[in-house]
Each structure stands twice: as structure tokens, then as C-alpha cells.
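Q: I am attaching a structure below and will ask some questions about it afterwards.
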Amino acid sequence: MKTISNYISQGAACIILALVCSCSTPKDIAYFQNAPMLDGMALQMEQKFRLRPEDKINIIVNSSNPMLEQQFTLTARTNGNNTLGADVKPESTAGGNAGGGAALIAYTVDEQGTIDFPVLGKIRVAGMTRSEAASYIKGRLVERELVSEPIVTVEYVNLSVNVLGEVGRPGNVPITKDHFTVVDALSRAGDMTINGNRRTVMVGRNEDGVSRVYYIDMTDMQQTMLSPAYYLQQNDWVYVAPNGKKKRESTDTGNAFHSPYMWLSIASLVTSLIAIFR
């Protein structure tokens with residue numbers, strides 16, 4: 001009897017230890033847990049978006065001559081919510097107002113990486129940042145003496161990433177600035193839920209026709225900010241996988257053994273058995 005009692009006592013100790021562990025605070029919830037140690041850390045060079053085929057951009061040319069502005073800035077006259085003019089293609093995107101009730105029409109980068117710009121004709125913009133494209137167009141306009149001292153602005157229209165999985169608002173997230181990070185994307189998507197796995201946030205992208213997948217540990221600030229996927233590119237997708245608790249919830253009794261109440265019941269049973277054998 002004494003031997004059996006000892007075994008039961010050891011089992012009770014294990015159960016109590018498991019109970020304590022199950023009730024402890026998880027360490028996989030907080031972001032950037034090593035942030036205080038990395039104050040002053042050197043960061044990688046910021047990556048800017050480079051234009052690709054199928055990207056849409058607005059190009060606005062401002063000058064002292066309003067007639068020239070209208071010639072180089074594509075617009076469609078609008079009346080309320082209706083666009084007037086048969087030359088406006090269905091795929092054209094109104095990205096803003098150019099004044100006087102005219103909606104901007106987006107240029108679409110074709111498969112050859114070019115856009116068809118008024119007077120200048122085909123211009124290759126693929127591989128350029130929007131500031132590089134603006135500088136190039138300005139140079140061409142000045143070189144041909146078409147506009148004197150123009151101000152050229154290039155704006156993104158359809159650049160976005162997709163955020164899926166355990167986030168507050170999964171879906172398509174528009175890109176609104178040159179440097180767009182995985183933190184920006186998750187913030188716009190409503191942050192990760194409490195059931196999101198912060199240690200293996202997945203980022204997928206197409207790099208020169210090759211599919212790449214990166215994993216980011218959001219609990220580690222250094223690993224996050226030095227990841228090749230920290231700065232996102234257009235058409236990337238971000239996936240937050242469910243954590244172990246969420247996966248277990250997919251079965252009827254998945255979280256039963258992780259419930260404190262179940263371990264309390266077992267501990268109570270073992271204590272009663274010890275008392276009986278003694």
C-alpha cells in the first residue's frame with residue numbers, strides 16, 4: 001500500500017505542476033519582446049515599390065500653362081457620379097479630382113512595362129519607383145521643350161497586399177505610401193487576434209516568376225525588422241496561422257486537457273485516492 005501511495009503522490013505532484021503550467025501566462029502573445037535590448041539598432045535600407053506590369057498610376061503634370069496641364073494629365077469630365085466621354089475605358093480608375101469636375105484616369109503599365117503617354121508616346125516605367133518615373137517624365141518634357149519647369153507627380157492607384165488568417169479584418173489592404181511594412185499591413189487589417197500565431201507570420205511573394213515564402217517571428221523585434229519580407233511589395237500576401245489553442249478548438253474535446261477545471265478535477269480525484277490508500 002505504501003508503494004502505491006507513493007506512486008499516487010508522485011502523480012499528484014505532476015498533475016499540480018501541469019495545472020500550474022496550464023494556468024501560467026503564455027509568452028507568445030506580446031510583440032517585440034526583446035525591444036528594450038535593441039534600442040539604437042541599425043536598420044536595413046528602406047525598400048521602395050518599383051512599378052510592374054498591370055500596376056495603375058496617376059500622372060499629374062502641373063505648369064504655368066493650364067492648356068498644357070490638360071494635355072498631359074489624363075482626365076474625364078464628370079457630372080455627379082457619371083463620367084462623360086466615350087474615350088474613357090472601363091478599366092480606367094478615377095484616383096482623384098484634377099479640378100473643374102474632372103476625374104483622373106489611371107495609366108496602366110502594360111506587359112512590356114510601358115505606358116502610352118501623350119505626345120511622348122511609349123515610355124518604359126517598369127522597375128522605376130514613382131519618384132524616378134516622375135523625374136524621367138519631367139526630363140523628357142523639358143528635353144523636348146514641351147513644358148517649361150513642369151511639376152510631375154506620380155501616384156499609386158491599385159497597389160495592395162492581401163492579409164488573411166487570424167486578423168481582425170482579413171482582406172485586401174491598399175498601399176498608400178512608398179515604404180509599407182508587414183506591421184503596416186497587420187495594423188490596417190485590425191491586428192492579429194488573440195488566436196494568431198505570432199511566431200510564424202507567413203509572407204508570400206512572386207520574385208521574377210519564382211514563388212517565395214518567408215516566415216516572421218513577430219515576438220522578436222530584430223528578426224522581424226531584418227527579415228527580407230519586413231518591407232512588403234505589391235501583391236504580397238500575409239497569412240497569420242491559428243495558434244495551438246485555436247487549432248484544438250476545431251475538435252469537440254481539443255482543449256479539454258488544457259482546461260484548468262479538468263486538471264482540478266483530476267487533482268481532487270488523486271487526492272481522494274491517496275487518502276483512501278493511507
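The values are calculated or read from the model by the stated rules, or taken from the named source; none is laboratory data. Owing to the predicted nature of the structure, the values given are computational and were not obtained by experimental measurement. Cβ placement follows ideal geometry from the backbone for every residue including glycine, while neighbour counts extend to all protein chains displayed.
Q: Examine the range 210-228 for a residue that is of a type in the set (Asp, Glu), under 15 Å from Ala241 (Cα atoms), in contact with a strand residue (DSSP E or B) (Cβ under 9 Å, 6 or more places away or on another chain) and crowded, with 16+ Cβ neighbours inside 10 Å, and state whether such a residue exists.
A: Checked the range 210-228: at least one residue is of a type in the set (Asp, Glu), under 15 Å from Ala241 (Cα atoms), in contact with a strand residue (DSSP E or B) (Cβ under 9 Å, 6 or more places away or on another chain) and crowded, with 16+ Cβ neighbours inside 10 Å.
Q: Also, quick follow-up: Whether any residue in the range 172-181 is over 25 Å from Ile57 (Cβ atoms) and surrounded by fewer than 17 Cβ atoms within 10 Å (Cβ to Cβ) is what I want to check.
A: no
Q: So, one more: Return yes or no: is Arg140 in contact with a Leu (Cβ under 6 Å, 6 or more places away or on another chain), of a type in the set (D, E, K, R), free of Cβ contacts under 8 Å to residues at least 60 places away in the same chain and surrounded by 14 or more Cβ atoms within 10 Å (Cβ to Cβ)? If you could, list the steps in order and put the result at the bottom.
A: Details: in contact with a Leu (Cβ under 6 Å, 6 or more places away or on another chain): yes; of a type in the set (D, E, K, R): yes; free of Cβ contacts under 8 Å to residues at least 60 places away in the same chain: yes; surrounded by 14 or more Cβ atoms within 10 Å (Cβ to Cβ): yes.
Judged against the criteria, Arg140 is a match.
Q: Against the definition (modelled with pLDDT of 50 or more and part of a strand (DSSP E or B)), how does Ala103 come out, yes or no?
A: Values: modelled with pLDDT of 50 or more: yes; part of a strand (DSSP E or B): yes.
Yes.
Q: Check Glu145, Glu149, Glu155, Glu166 and return the single one that is surrounded by 18 or more Cβ atoms within 10 Å (Cβ to Cβ) and either of a type in the set (A, V, I, L, M, F, W, C) or over 10 Å from the mean Cα position of the chain (by Cα) (or both). It would help to see each step written out before you state the result.
A: Working: Glu145 fails: surrounded by 18 or more Cβ atoms within 10 Å (Cβ to Cβ); Glu149 fails: surrounded by 18 or more Cβ atoms within 10 Å (Cβ to Cβ); Glu155 fails: surrounded by 18 or more Cβ atoms within 10 Å (Cβ to Cβ).
After ruling out the rest, the residue left standing is Glu166.
Q: Under 6 Å by Cβ, and 6 or more places apart or on different chains, what pairs join a residue from the range 31-50 that is farther than 29 Å from Thr129 by Cβ with one that is modelled with pLDDT of 75 or more and not in a loop (DSSP other than H, G, I, E, B)?
A: Asn34/Met221; Ala35/Met221
Q: Looking at this structure, is Asp110 within 33 Å of the chain's Cα centre (by Cα), modelled with pLDDT of 75 or more, over 21 Å from Gln233 (Cα atoms) and acidic (Asp, Glu)?
A: For Asp110, the condition - within 33 Å of the chain's Cα centre (by Cα), modelled with pLDDT of 75 or more, over 21 Å from Gln233 (Cα atoms) and acidic (Asp, Glu) - is not met.
Q: Additional query: Every residue in the range 124-159 that is farther than 21 Å from Gln112 by Cα and of a type in the set (Val, Ile, Thr), please.
A: Within the range 124-159, Val142, Val147, Ile151, Val152, Thr153 meet the criteria.
Q: For the range 179-238, name all the residues that are in contact with a Lys or Arg (Cβ under 9 Å, 6 or more places away or on another chain) and hydroxyl-bearing (Ser, Thr, Tyr).
A: Of everything in the range 179-238, those that are in contact with a Lys or Arg (Cβ under 9 Å, 6 or more places away or on another chain) and hydroxyl-bearing (Ser, Thr, Tyr) turn out to be Thr193, Ser211, Tyr214, Tyr215, Thr219, Tyr231.
Q: How many residues are part of a strand (DSSP E or B) and closer than 19 Å to Thr153 by Cβ if we restrict to the range 111-123?
A: 4
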